[in-house]
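First the structure, in the form of structure tokens, and then the observations on it.
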Amino acid sequence: MLYHLLLQTVKTQQSAGVSPGQPHLLQYELDGGDDVKAVNDLLQAASGGSLYVIADEIASELGIGYRISNKFQTLCQLLLTQVPRLHLWAASCFHDYAPAGWQIEYLTRPLRSPPAVVREVEQDKRITRDRHVRPYRERGVPDHTDGPPVTRLYHRGQGHSGDRPVDCVTCGREVASFLHSLRVDVTGRSTTSTTLTSTSGGTTPPCLQWRDVLVLSWYKVSDQLGMVTGLQEAGIPVRMIKDYDIEDVATARSDVVWVASGHRVRGLERKVVVCLYGLVRSEYLPLYNLTSPRLNFMSRCTSQLVIISPDD
């Protein structure tokens with residue numbers, strides 16, 4: 001997303017006769033031993049001058065977070081010793097990963113989501129119990145609206161099948177019915193005066209598109225899942241997020257409802273987020289330990305949150 005935003009900015013400046021340079025997208029797997037290569041590439045880019053580095057989500061989950069954090073700290077130390085004019089900023093929702101001696105600022109104003117969503121997110125155990133994430137503080141600006149009420153659907157009763165909402169065709173139909181109630185259609189234009197609150201607490205124009213919707217599961221997803229079948233039967237364009245879709249998803253290029261395991265969409269935001277809870281099978285425990293539906297999934301929502309679970 002950052003690369004494409006920079007690319008747009010560069011194109012705008014170039015059309016105005018300014019030549020600011022060209023962004024390059026470099027991808028590394030620090031935990032796979034790419035830290036030295038990353039340092040060498042950055043040193044070459046700096047060419048003896050200033051180097052500006054922005055690192056986001058340096059510890060994206062507990063469990064493997066400390067290993068990633070150690071690699072990141074090694075990267076920082078290499079840069080500090082080899083780049084005289086280094087400017088380096090890093091961000092993480094977890095507050096205990098900062099390298100020694102760094103200046104720390106805690107940014108805890110809830111500016112992404114309306115109050116109705118914030119109240120759900122802040123119940124996460126990593127905030128309330130484990131204290132790995134700092135609690136929200138006051139927004140600091142007026143909340144003109146509480147936002148659309150959180151919609152709760154339940155995987156139980158007649159017609160529901162399987163252990164989990166993600167496996168259930170009926171749950172998919174109920175989600176589809178709710179999305180249609182927002183008057184989202186295949187052309188991406190709303191036919192009603194439905195409005196959704198924006199991050200700032202105001203309202204957005206009554207226009208909602210399929211690309212504004214994410215369906216996030218606590219589990220691995222596939223085209224054969226009941227949830228997907230239920231959505232497709234209702235005429236909703238649905239796609240699973242694959243590795244080769246990352247650019248498409250980040251830029252919201254395709255007007256489809258993306259369905260994914262929640263751990264794959266860190267950093268993305270959508271107006272409507274459907275969060276699927278359910279029983280945790282043993283084969284999914286590694287994924288379960290890396291993600292938190294409240295902290296990681298619900299916090300992606302900038303307006304309308306939908307929660308589907310077997311119970312309250």
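Every number in this text was worked out from the coordinates using simple rules, so none of it is lab data. If you're wondering where the values come from, they're calculated on a predicted model, not measured in any experiment. Cβ: placed from backbone, ideal geometry, glycine included. Neighbour counts: every protein chain shown.
Can you tell me the FRET efficiency between residue 161 and residue 207 if r is taken as the Cβ-Cβ distance and R0 is 30 Å, rounded to the nearest 0.05?
According to the calculation, E is roughly 0.30.
Less than 11 Å Cβ to Cβ from residue 96, Lys/Arg counted +1 and Asp/Glu -1: what total charge do the surrounding residues give?
For residues surrounding residue 96, the net value is +1.
List the aspartates and glutamates whose Cα sits under 15 Å from the Cα of residue 220, skipping any in the same chain fewer than 8 residues away.
Those aspartates and glutamates meeting the cut-off are 163, 167, 243, 283.
Write out the GluC sites (Glu not before Pro) in segment 70-159 meeting two conditions: DSSP loop, and at most 15 other Cβ atoms within 10 Å of their Cβ.
105, 138
List the lysines whose Cα sits under 18 Å from the Cα of residue 71, skipping any in the same chain fewer than 8 residues away.
37
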